[in-house]
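Participant: First the structure, which I've put down as structure tokens, then a few questions once you've had a look.
The values are calculated or read from the model by the stated rules, or taken from the named source; none is laboratory data. Keep in mind the model is a prediction, meaning the values are calculated, not measured. So basically every Cβ, Gly included, is an ideal-geometry build from the backbone, and we count neighbours across all protein chains shown. Heavy atoms of the whole protein, side chains included, go into the accessibility calculation; ligands, DNA and RNA do not. Shrake-Rupley method; radii C 1.70, N 1.55, O 1.52, S 1.80 Å.
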Amino acid sequence: MRTLLFLIQKEFLQIFRNKVLLRLMLVLPVVQLIVLVNAATLDMKDNCVIIVDQDGTSMSQGLISKFNASPFFRVLDITPELEPAMKRFRGERIDAILVIPHRMEKDYHRSGSSSVQLLTNAINSTRAQLTYSYTQALVNDYNGQIGIAQSSVTGSPVRVNASWRYWFNPELNYKYYMLPGILVILVTIIGMFMAAINLVREKEMGTLEQINVTPVRRSQFITAKLVPFWMIGMFELALGLIIGKLLYHIPFEGSLVVLFLFAGVYLVAMLALGLLISTSVQTQQQVLFMSYFFLLIFIMMSGLFTPVENMPDWGQAFNRINPLYYFIETMRRVLLKGSGFADILPLLAGVGAIALVALPLAIYSYKKTN
Amino acid sequence: MITIHQLTKQFGPVTAVDRVSLTVNGGELFGFIGPDGAGKTTLLRMVNSLMLPTSGEVSLWGLNPVTDYKQVRTMIGYMPGKFSLYLDLTVEENLQFFASVFGTTVAENYHLIADIYSHIELFKHRKAGQLSGGMKQKLALSCALIHKPRLLILDEPTTGVDAVSRGEFWEMLRKLKHSGITILVSTPYMDEAALCDRVALMQNGNVLQVDTPIGITQGFTRPLFAIRTQHRHEALQSLRGWEYVHKVYPYGETLHYIDHRQGVTVDDIEAYLSVCGIAHQGVQRVAPGIEDRFMELMDG
């Protein structure tokens, strides 16, 4: 026990002596959270749209004014002809063309319904889908308006409209969705990379040779490498949450105790994986490349950008051994939904199992003799 | 007492240490002398428990480094060939750290290192990375000694260290020997062999001979001459062509010449050199050094 304390004390001495590293640990999360959270947003504004108004009636004018008033759309041009619009669609960066066909108003009055056509640029499929949804919403809204106007004249029955509400993130604030995920990545990179590089550095410098010939036990050595970076990871998480609260007013619906408890287990798992990599390679270059390889897979599959439920079965199965998946899910659930300890218990068990496998493996794969 | 029996280490097809057997007495200053690649480091790493032998075994006062590594690691001090203390920790922090991982304190064993550490104590708040080569070496020795080891293993401690520091270092080793510590030291420098109690001459993983430095030079019986000349290359060529030559090779600033004949004199050699038309600044009969013996043993 005393030996372990001395080893940890040595690690902290070295970390605090590395002024560049210290500054990075403070500045990096702030910058990343400011830049990434604002940049990685799916909120859409100013979708460029051209409206082809072949109808030219008061009804089409009314629909056009809806688009003009919407912050999501920027109406670039209104033209009666389809051809020039299509030409611009092919050549310029235009998100959509709305075609209001000839006789729209007439059809509506005659049969009670009519349609418009939407052509969207689907190079970015997410953007195309959102453009479609926004258009749908606008047209529905307009439908309601003229419906009411009609019913007051003719006395026909009022139509039933479905309305909806988004729970847990009522304004569909994309930052609330992204910030917990980015924070997870931040905590992971700082913890895992620093611990892994630190151990391999001892190999490269030759200091490990000197340690290996001392009575220091393998478990003590690995634990001493894990503890300081575990503490730094927890500190980074706290720092990130404070920034999230101050800058983005992210809600803390659930208990922070539960969140930090989970983070504690998560960091053990992730640091153990990092140390496992570093015990099995020889140079800092190798450890960087290996960690980067695994981290990239973990991040892309974690559900940070795309919902895990949409992934193929093997992808969802893979996420059972993806610590990032568990942590991002927990962060979102606890922060936004207010999930308690009982709710995240299955997730905690998953990440706990990874920790229980990875840590002994890291200790075992560190060999004092060769 | 240390016994090494038929110790062998193979790396794939390469045999780094080949069936080495020898005995080192307790309290001895024992040297492993040989060129780079002779297998010195591998041998020492098998003794200090860092490397598992392919076959054969080592006994350190009855303890086997393979099975009793836990006890072995508490009783040896090891100084690897490459400086391997923490460069970003200060002199004092390094010393304290190594004392603490061995479960002791600097104060407890200060008397052991006082002589050595006093040279660098002035710089105890300086980072190890900022020390000069000689000071680094003194710090490394202090750290290897701080837990009062029974056996001190030094792998090429003087490689890359200036001549004055080398002298000081060997002086320290002699003093340490008096406090009863057994010392194994490897070096590629033949002149350092004379400072050991006994030495093992090593080449290509084999031990050629184990003896005291005097015993080793006594094994050299042929007459040996040192020739001082500015035309070393021509002299070497001519002497190699002489019918009586046993061996001739550059040695420092001179050439060492060994003759077949027992009764040969300085005059005989001077006469031959003048026949060949080679000017020289003197031919002297000299006592053989360890290197001369080594050169002879190397050729089998």
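Participant: Within segment A:107-142, can you find the residues that are aromatic (F, W, Y) and within 17 Å of A:F73 (Cα to Cα)?
Facilitator: So the first thing to find is which residues in segment A:107-142 are aromatic (F, W, Y), and the list is A:108, A:132, A:134, A:142.
Selection gives A:Y132, A:Y134, A:Y142.
Participant: Which members of segment B:64-79 meet the condition of being assigned to a helix (DSSP H, G or I) and open to solvent by less than 60 Å² (accessible area, probe 1.4 Å)? Working first, answer last.
Facilitator: Of all residues in segment B:64-79, those assigned to a helix (DSSP H, G or I) come to B:69-75.
Once the filter is applied, which keeps residues that are assigned to a helix (DSSP H, G or I) and open to solvent by less than 60 Å² (accessible area, probe 1.4 Å), segment B:64-79 yields B:V72, B:R73, B:M75.
Participant: Within the group B:D191, B:D162, which residue is open to solvent by 70 Å² or more (accessible area, probe 1.4 Å) and either of a type in the set (G, A, S) or more than 29 Å from B:I146 (Cβ to Cβ) (or both)?
Facilitator: On the way: B:D162 fails: either of a type in the set (G, A, S) or more than 29 Å from B:I146 (Cβ to Cβ) (or both).
From the options B:D191, B:D162, the qualifying one is B:D191.
Participant: Here's another thing I want to ask about it. Please specify each residue of segment B:32-52 satisfying the condition of being in contact with a Gly (Cβ under 8 Å, 6 or more places away or on another chain) and either more than 14 Å from every other protein chain (Cβ to nearest Cβ) or of a type in the set (F, W, Y) (or both).
Facilitator: B:A38, B:G39, B:K40, listed by residue number.
Participant: The conditions are (1) in contact (Cβ under 8 Å) with a residue 12 or more places away in the chain; (2) under 25 Å from A:Y364 (Cα atoms), and A:Y326 fails exactly one of them. Which is it?
Facilitator: Result: A:Y326 fails condition (2) only.
Participant: If I ask for residues that are part of a helix (DSSP H, G or I) and of a type in the set (S, T, Y), which ones from segment A:307-362 would you list? Step through it out loud before you land on a result.
Facilitator: As a first pass, look at segment A:307-362 and keep what is part of a helix (DSSP H, G or I): A:308-310, A:313-321, A:323-337, A:341-362.
A:Y325, A:Y326, A:T330 - these are the residues of segment A:307-362 that are part of a helix (DSSP H, G or I) and of a type in the set (S, T, Y).
Participant: Strands (runs of 3 or more DSSP E) wholly in segment B:199-295 with at least 2 residues that are closer than 20 Å to B:P188 by Cβ - which ones? Spell out how you get there, then give the answer.
Facilitator: Numbers: elements: B:206-211, B:224-227, B:245-251, B:254-259, B:283-285.
The qualifying strands (runs of 3 or more DSSP E) are B:206-211, B:245-251.
Participant: Let me ask something additional. Residues A:F318, A:F293: which one is without any contact (Cβ under 8 Å) to a residue 40 or more places away in the chain, under 27 Å from A:E204 (Cα atoms) and either touching a helix residue (DSSP H, G or I) at 6+ places or on another chain (Cβ under 8 Å) or not basic (K, R) (or both)?
Facilitator: Numbers: A:F318 fails: under 27 Å from A:E204 (Cα atoms).
Residue meeting the stated conditions: A:F293.
Participant: Residues to consider are B:S186, B:S179; find the one that is open to solvent by less than 30 Å² (accessible area, probe 1.4 Å) and of a type in the set (S, T, Y).
Facilitator: Details: B:S179 fails: open to solvent by less than 30 Å² (accessible area, probe 1.4 Å).
Checking each option against the conditions leaves just B:S186.
Participant: Please specify each residue of segment A:92-120 satisfying the condition of being polar (S, T, N, Q) and either in contact with a Cys (Cβ under 9 Å, 6 or more places away or on another chain) or surrounded by 18 or more Cβ atoms within 10 Å (Cβ to Cβ) (or both). Outline the logic, then answer.
Facilitator: Let us first name the residues in segment A:92-120 that are polar (S, T, N, Q), namely A:111, A:113-115, A:117, A:120.
Matches in segment A:92-120: A:T120 only.
Participant: Still on this structure, please answer the following. B:A99 is checked against (1) crowded, with 16+ Cβ neighbours inside 10 Å; (2) more than 11 Å from chain A (Cβ to nearest Cβ); (3) not basic (K, R) and fails just one. What number does that condition carry?
Facilitator: That leaves (2) as the condition not met.
Participant: Criterion first (outside any helix (DSSP H, G or I) and surrounded by 15 or more Cβ atoms within 10 Å (Cβ to Cβ)) does A:L304 satisfy it? It would help to see each step written out before you state the result.
Facilitator: Values: outside any helix (DSSP H, G or I): yes; surrounded by 15 or more Cβ atoms within 10 Å (Cβ to Cβ): yes.
So A:L304 fits the description; yes.
Participant: Separate question: Taking A:N370, is it open to solvent by 10 Å² or more (accessible area, probe 1.4 Å) and outside the structural domain of A:L199 (by TED's automatic domain parsing)? Give the steps one after another, and end with the answer.
Facilitator: Numbers: open to solvent by 10 Å² or more (accessible area, probe 1.4 Å): yes; outside the structural domain of A:L199 (by TED's automatic domain parsing): yes.
It is true that A:N370 is open to solvent by 10 Å² or more (accessible area, probe 1.4 Å) and outside the structural domain of A:L199 (by TED's automatic domain parsing).
Participant: Give all pairs with beta carbons closer than 9 Å in which a residue from segment A:10-30 that is over 16 Å from A:V187 (Cβ atoms) and within 12 Å of another protein chain (Cβ to nearest Cβ) meets a residue that is assigned to a helix (DSSP H, G or I) and open to solvent by 80 Å² or more (accessible area, probe 1.4 Å); count only pairs at least 6 apart in sequence or on separate chains.
Facilitator: A:F12/A:M231
Participant: Let me ask you something else. Of the residues A:Y177, A:Y266, which is open to solvent by 10 Å² or more (accessible area, probe 1.4 Å) and hydroxyl-bearing (S, T, Y)? Steps first, please.
Facilitator: Working: A:Y266 fails: open to solvent by 10 Å² or more (accessible area, probe 1.4 Å).
It is A:Y177.
Participant: Failed condition for A:P251, given (1) buried (at least 16 other Cβ atoms within 10 Å of the Cβ); (2) in a helix (DSSP H, G or I), with all others met?
Facilitator: (2)
Participant: All but one of (1) more than 7 Å from every other protein chain (Cβ to nearest Cβ); (2) over 24 Å from the mean Cα position of the chain (by Cα); (3) without any contact (Cβ under 8 Å) to a residue 24 or more places away in the chain hold for B:P65; which doesn't?
Facilitator: Evaluating B:P65 over (1) more than 7 Å from every other protein chain (Cβ to nearest Cβ); (2) over 24 Å from the mean Cα position of the chain (by Cα); (3) without any contact (Cβ under 8 Å) to a residue 24 or more places away in the chain leaves (2) as the failure.
Participant: Also, I was wondering about something else. Output the residues belonging to segment B:244-288 that are farther than 22 Å from B:M298 by Cα and acidic (D, E).
Facilitator: Result: B:D267, B:D268, B:E270.
Participant: Could you say whether any residue in segment B:19-26 is open to solvent by 10 Å² or more (accessible area, probe 1.4 Å), within 14 Å of another protein chain (Cβ to nearest Cβ) and without any contact (Cβ under 8 Å) to a residue 60 or more places away in the chain?
Facilitator: Checked segment B:19-26: no residue is open to solvent by 10 Å² or more (accessible area, probe 1.4 Å), within 14 Å of another protein chain (Cβ to nearest Cβ) and without any contact (Cβ under 8 Å) to a residue 60 or more places away in the chain.
Participant: Here is a follow-up. Return the residues of segment B:117-136 that are out of contact with any strand residue (DSSP E or B) (no Cβ under 8 Å at 6 or more places or on another chain), at pLDDT 90 or above and open to solvent by less than 20 Å² (accessible area, probe 1.4 Å); say none if nothing qualifies.
Facilitator: B:Y117, B:I120, B:L131, listed by residue number.
Let's see how each residue does on (1) surrounded by 24 or more Cβ atoms within 10 Å (Cβ to Cβ); (2) at the interface with another protein chain (Cβ under 9 Å from one of its Cβ atoms); (3) of a type outside the set (V, I, T):
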residue	(1), (2), (3)
A:M194	no, no, yes
A:R201	no, no, yes
A:T207	no, yes, no
A:R218	no, no, yes
A:K225	yes, no, yes
A:M234	no, no, yes
A:L237	yes, no, yes
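Participant: Within segment A:321-370, take every residue that is more than 14 Å from every other protein chain (Cβ to nearest Cβ) and among the hydroxyl-bearing types (S, T, Y) and give me the one that is nearest to the chain's Cα centre (by Cα).
Facilitator: Here is the first cut: in segment A:321-370, the residues more than 14 Å from every other protein chain (Cβ to nearest Cβ) are A:321-365.
Restricting the remaining residues to those that are among the hydroxyl-bearing types (S, T, Y) gives A:325-326, A:330, A:339, A:364-365.
Values: A:Y325: 11, A:Y326: 13, A:T330: 13, A:S339: 19, A:Y364: 34, A:S365: 33 Å.
Result: A:Y325.
Participant: Let me ask something else about it. Find the residue count for segment B:80-96, including only residues that are in contact with an Asp or Glu (Cβ under 9 Å, 6 or more places away or on another chain), open to solvent by 10 Å² or more (accessible area, probe 1.4 Å) and more than 7 Å from every other protein chain (Cβ to nearest Cβ).
Facilitator: From segment B:80-96, those in contact with an Asp or Glu (Cβ under 9 Å, 6 or more places away or on another chain) are B:80-82, B:84, B:86, B:91-92; that's our starting set.
After this cut, where a residue has to be open to solvent by 10 Å² or more (accessible area, probe 1.4 Å) as well, the list is B:80-82, B:92.
Narrowing further to those that are more than 7 Å from every other protein chain (Cβ to nearest Cβ): B:81, B:92.
Residues that pass the stated criteria total 2.
Participant: (1) part of a loop (DSSP other than H, G, I, E, B); (2) within 19 Å of A:I211 (Cβ to Cβ); (3) in contact with a helix residue (DSSP H, G or I) (Cβ under 8 Å, 6 or more places away or on another chain): which one isn't true of B:H125, the others all being true?
Facilitator: Exception for B:H125: condition (2).
Participant: Same structure, new question: Restricting attention to segment B:102-122, which residues are in contact with a helix residue (DSSP H, G or I) (Cβ under 6 Å, 6 or more places away or on another chain) and either within 14 Å of chain A (Cβ to nearest Cβ) or not in a helix (DSSP H, G or I) (or both)?
Facilitator: Result: B:T105, B:V106, B:H119, B:I120.
Participant: Can you list the helices (runs of 4 or more DSSP H) found entirely within segment A:1-91 that contain at least 1 residues being open to solvent by 50 Å² or more (accessible area, probe 1.4 Å) and touching a strand residue (DSSP E or B) at 6+ places or on another chain (Cβ under 6 Å)?
Facilitator: Details: elements: A:2-17, A:19-39, A:58-69, A:82-91.
Where helices (runs of 4 or more DSSP H) fall fully within segment A:1-91 and carry at least 1 residues being open to solvent by 50 Å² or more (accessible area, probe 1.4 Å) and touching a strand residue (DSSP E or B) at 6+ places or on another chain (Cβ under 6 Å), they are A:58-69, A:82-91.
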